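Visitor: Before I ask anything, here is the structure I am working with.
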Amino acid sequence: MIRELWEKDIEERSRLGRLMVRCGRLLYGIASKCTDGQLTMRAMSLVYTTLLSMVPLLAVSFSVLKAFGLHNQLEPFLMGFLAPLGERGEKVAAQIIGFVENIRVGILGSLGIALLFYTVISLVQKVEEAFNTIWLVPSTRSLSRRVSDYLSVILIGPVLVVSALGITASVMSSAVVQWFLAIEPFGTLLLGISRLIPYLLICGAFAFIYGFIPNTLVRPGAAIAGGLFAGVLWYTIGLLFAHFVAGSSNYSAVYSGFAGAILFMIWLYTGWLIVLVGAWVAFYWQNPHYLNPLRKTAVLGDSHRETLALEIMTLIGHAHYYNEPPWTLERLERHYPGVPSEALAALVRELEAQGLIIATHKQPPGYVPGRDIETIDLWEVVRVMRGVAGTGSDLTVVSEVMDRVDAAIGQVLAERTVKDLVLSWQGRKEQEQAAPGKIRSTIPS
């Protein structure tokens with residue numbers, strides 16, 4: 001089975017065979033992520049943040065829904081989320097709604113309201129950080145974009161979801177639909193569609209999350225694939241959880257009155273695992289080459305890293321100097337198809353962390369020089385890639401020789417800046433245009 005998935009050339013198969021192999025590789029990749037420990041650690045971190053942010057988040061949603069006269073729909077929505085807990089879910093939901101109703105915005109004051117919104121925004125930021133790690137995005141949204149993007153979804157999202165449910169119920173109870181229900185096979189068909197609507201709404205909500213939250217461009221097909229997978233997994237795991245976990249009397253025997261709280265945290269943890277698994281599905285769907293068994297490992301030599309860093313600085317500096325569209329991480333990945341994407345993303349993160357480049361506020365973020373390219377010498381870029389100064393040799397004679405080598409290299413590179421490379425490369429391009437030939441995308445000498 002493993003040989004069928006990894007060793008045989010996928011292009012030699014039929015269309016159905018290629019689809020089956022891709023699905024098999026996808027499930028294998030998801031299983032490997034579930035066993036490496038990173039996924040569970042992220043889920044536990046999000047559970048902790050959710051416990052701190054759930055009541056403020058619901059309080060904000062409750063206030064918005066109340067302004068539209070839809071606040072009575074909050075409790076059924078929460079009950080649907082806690083349905084796998086059974087009777088304990090009803091008690092937990094009643095307690096949470098009680099906490100929400102006890103919040104008095106008029107008493108909180110401006111500082112309290114600010115802390116309320118900060119807690120809500122911090123939850124979404126944690127989710128974005130988890131998704132950005134999956135998508136190999138080197139930076140999160142800026143503070144201004146976080147406030148505007150997050151709050152717009154938090155304030156408008158609940159209204160849209162509740163409105164969609166209300167519109168669906170109104171349409172199903174209309175006279176025209178009732179007339180169609182009396183005619184077969186339209187009646188059976190419409191009844192089946194009506195029962196699928198809640199499931200489709202959940203899948204759509206997951207797809208929206210996967211498309212909106214990562215700080216990168218997620219294609220609609222990838223977001224929908226992740227949403228469908230997460231939605232189906234959510235209902236499947238929910239049924240199993242209700243039958244085998246919440247329905248068991250062992251938790252009541254061990255934890256007594258705390259059984260409801262323990263099961264609530266376990267379900268939160270399970271829910272975040274499902275969300276993160278769906279995010280991985282969306283990522284692999286958009287980037288199937290990460291599941292290619294022939295893909296190169298994410299290891300770059302020191303010389304390759306230094307050369308690549310100089311090239312990237314030249315590309316970014318050239319685009320900024322000549323008012324061209326900024327380079328994005330996705331565009332750099334296409335420009336360097338032979339370089340592992342995760343290694344390229346890590347290199348870009350290092351350049352950004354040292355202030356040599358800055359991410360723009362657009363979606364997806366592009367990169368511009370961190371300062372005037374005339375003030376960035378090449379030795380500074382190479383030093384960033386080396387990480388630490390000196391050779392670290394225990395033998396003094398070896399350290400002295402290597403320090404002299406580094407000093408000689410530094411003297412040569414410090415005399416040239418990124419602007420010199422940009423102008424030199426532009427000159428080469430103009431020469432190639434005057435005498436057509438093969439343009440090489442490498443650093444000019």
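Visitor: Mind checking which pairs have a first residue in segment 283-296 that is modelled with pLDDT of 80 or more and a second that is surrounded by fewer than 18 Cβ atoms within 10 Å (Cβ to Cβ) and aromatic (Phe, Trp, Tyr), Cβ under 8 Å, 6 or more apart or different chains?
Guide: Phe283/Tyr290; Tyr284/Tyr290
Visitor: I would also like to ask the following. State all residues of segment 324-358 that are in contact with a helix residue (DSSP H, G or I) (Cβ under 6 Å, 6 or more places away or on another chain) and at pLDDT below 80; if no residue qualifies, say none.
Guide: Correct list: Ser341 only.
Visitor: Quick one: in segment 380-403, which of the residues that are loosely packed, with under 14 Cβ neighbours inside 10 Å and in a loop (DSSP other than H, G, I, E, B) is modelled with the lowest pLDDT?
Guide: Ala389
Visitor: Separate question: Test of understanding: among Val47, Val92, Val105, which residue is over 25 Å from Tyr235 (Cβ atoms) and either touching a helix residue (DSSP H, G or I) at 6+ places or on another chain (Cβ under 6 Å) or modelled with pLDDT under 70 (or both)?
Guide: Just a single option satisfies the conditions, and that option is Val105.
Visitor: Same structure, new question: How many of the residues making up segment 17-41 are more than 18 Å from the chain's Cα centre (by Cα) and among the aliphatic types (A, V, I, L, M)?
Guide: 5
Visitor: Assess whether Gly37 counts as being modelled with pLDDT under 80, among the small types (Gly, Ala, Ser) and at positive phi.
Guide: Yes.
Visitor: Within segment 414-445, how many residues turn out to be at pLDDT below 80 and assigned to a helix (DSSP H, G or I)?
Guide: Applying the first criterion (at pLDDT below 80) to segment 414-445 yields 414, 432-445.
Now restrict to residues that are assigned to a helix (DSSP H, G or I): 414, 432-434.
The qualifying residues number 4.
Visitor: With (1) surrounded by 14 or more Cβ atoms within 10 Å (Cβ to Cβ); (2) within 30 Å of Asp149 (Cα to Cα) as the list, and Glu342 as the residue in question, which single condition is left unmet?
Guide: (1)
Visitor: Follow-up. From the list Ala309, Ala319, Ala343, Ala353, which residue is touching a residue at least 60 places away in the same chain (Cβ under 8 Å) and small (Gly, Ala, Ser)?
Guide: Unique residue meeting the criteria: Ala309.
Visitor: Restricting attention to segment 407-429, and to residues there that are out of contact with any Ser or Thr (no Cβ under 8 Å at 6 or more places or on another chain) and under 14 Å from Thr375 (Cβ atoms), which single residue is surrounded by the most Cβ atoms within 10 Å (Cβ to Cβ)?
Guide: Across segment 407-429, the extreme among qualifying residues is Lys419.
Visitor: When you scan segment 108-139, how many residues do you find that are among the polar types (S, T, N, Q) and modelled with pLDDT under 75?
Guide: The qualifying residues number 2.
Visitor: Given the structure, is Ser152 loosely packed, with under 12 Cβ neighbours inside 10 Å, assigned to a helix (DSSP H, G or I) and modelled with pLDDT under 75? Even if it seems obvious, please write down each step before you answer.
Guide: On the way: loosely packed, with under 12 Cβ neighbours inside 10 Å: yes; assigned to a helix (DSSP H, G or I): yes; modelled with pLDDT under 75: no.
Spelling it out, it is not the case that Ser152 is loosely packed, with under 12 Cβ neighbours inside 10 Å, assigned to a helix (DSSP H, G or I) and modelled with pLDDT under 75.
The values are calculated or read from the model by the stated rules, or taken from the named source; none is laboratory data. Note that the structure is a prediction, hence the values are computed from the model and not measured. All Cβ positions, glycine included, derive from the backbone under ideal geometry; neighbour counts span all protein chains shown.
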